[in-house]
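Have a look at the structure below before the remarks.
The values are calculated or read from the model by the stated rules, or taken from the named source; none is laboratory data. Model, not experiment: these values are computed from the prediction. Virtual Cβ from ideal backbone geometry, glycine too; neighbours counted across all protein chains shown. SASA here: full protein model, heavy atoms, side chains in, ligands and nucleic acids out. Shrake-Rupley method; radii C 1.70, N 1.55, O 1.52, S 1.80 Å.
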Amino acid sequence: MKYINEFRDGKTARVIAAAIAAETRADRSYHIMEFCGGHTHAISRYGLSDLLPDNIRLIHGPGCPVCVLPIGRIDNAIDLALNRGVILATYGDCLRVPASGGLSLLKAKARGADVRMVYSSADALKLAQDHPEREVVFFAIGFETTTPPTAVAIVQAEKLGLKNFTVFCNHVLTPSAIANILESPEVRLHGTVPLDAFIGPAHVSTVIGSQPYEHFAEEYEKPVVIAGFEPLDVMQAILMLVRQLNEGRAEVENEFSRAVTREGNVKAQNLVAEVFELRKSFEWRGLNEVPYSALRIKAKYAAWDAERRFGIEYKSVADNKACECGAILRGLKRPQDCKLFGTVCTPENPMGSCMVSSEGACAAHYTYGRYKDAVTS
Ligand code: SF4
């Protein structure tokens, strides 16, 4: 634990907080979006907002993969499990995401659907090997971090000649989502919270590197600092962003150099390029249709594509009207702005996707921040 503890040291956190306070200008505000759910979790868990001056506002972005999965895609997965006789394998957090008709994958399982929780795409592949008489579908979700293991599973399935294994691919891409937050038609129509800078994702950047953000920083003139998930990483990234903003710079800097390079993991990128191609458009929960923001399986691997094998058709489904997940994922509202927060909607009984995963803004605030609300209100 020594290595981790060094990144959680309270004394050092106070030193960085003092540097941030000293360098923050009183005549301006700083709106900083942390895109990644891992950062949202760290900020809530370690109370980092309390260490910052009032004119620095941290805004939660759409970086939790479970939160951004639209209802229609979960409906598709439920249909496969409930009505098509498949074994549906997926990550644990996907099981409780609310879908249409009061269902979730977990509730579908209670109704007899064969839904299995797996820890990896390799587990899903093993299920298919162990059950040659059954169709096994891996419900694959996530950002660039989880995409390479899915590609590995597909390539492995081909090598093994595994005919009863397919992937329902829902992998999405980070840079397109960040761009969408800044320039989508909704933003032009309704406006959005001002965003001055971004804390760039950690795990995602280990795969794609820091390079893809360079065009972004240049085009939108917003500084980006790639940061690790530990509290001192986040504090240091905020200090670096404050400095960039004060100096009028908009560059990509890398606080997480112990894991992220400019090029990223080229081997993983090549593998992803071998198996996947861009989708023209993909619906994100909270962001609507985002052009070129997701991947689908290439025709070469069509035999392992669940969308083709089962003729899956996507239908968009509106969120529960009372749920503010959409506005929260865009940074327009905070969890405590939702009327259902902490009453009807809790991690045990989530009404919206932001309350499901520990990386979701509502779940993070419910777990670590709601007592502070009670004290300050
Ligand atoms: S509290 Fe629940 S219902 Fe409200 S925005 Fe969060 S997840 Fe959605």
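Descriptive notes on the structure:
- Sparsely packed GluC sites (Glu not before Pro) within segment 281-370, loop by DSSP, other Cβ within 10 Å at most 15: 313, 348
- Counting protein heavy atoms only, the chain has 53 percent of its accessible area on carbon and sulfur, 1.4 angstrom probe.
- Loop-located trypsin sites (Lys or Arg not before Pro) in segment 1-106 (DSSP state not H, G, I, E or B) with no more than 11 neighbouring Cβ atoms inside 10 Å: 28.
- Point-to-point label distance, residue 8-residue 163, nm (Cα→Cβ direction, 7 Å offset): 5.1
- Mean-position separation - Cα centroids, segment 253-273 and segment 93-119, in angstrom: 34
- Distant-in-sequence amide H partners of residue 283 (H built 1.01 Å from N, under 5 Å): 290
- Within the chain, percent of DSSP bridges classed antiparallel, to nearest 5: 20
- Extension gain, residue 298 to residue 348, is 14.2 nm, computed as 0.36 nm per intervening residue step minus the present C-alpha separation.
- 23 Å Cα-Cα threshold exceeded, pairs from 126/163; 109/280; 159/298; 222/321; 107/280: 109/280; 222/321; 107/280
- For the chain, the longest principal axis of the C-alpha atoms and the axis of helix 147-160 are separated by about 20°.
- Coil-residue trypsin sites (Lys or Arg not before Pro) of segment 122-181, DSSP, other Cβ within 10 Å capped at 16: 134, 163
- For the chain, the longest principal axis of the alpha carbon atoms and the long axis of helix 10-23 meet at an angle near 60°.
- Residue (of 225, 271, 310) at the positive-pole extreme of segment 187-334, dipole from beta-carbon charges: 310
- Coarse-grained scattering of segment 161-308 at q = 0.17 Å⁻¹, given as base-10 log I(q)/I(0) from a Debye sum over alpha-carbon atoms: -1.05
- The overall shape of segment 88-221, judged from the alpha-carbon gyration tensor, is oblate: a/c is not under 1.5, and a/b is no greater than b/c.
- Degrees between helix 71-83 axis and first principal axis of the chain (Cα, 0 to 90, nearest 10): 30
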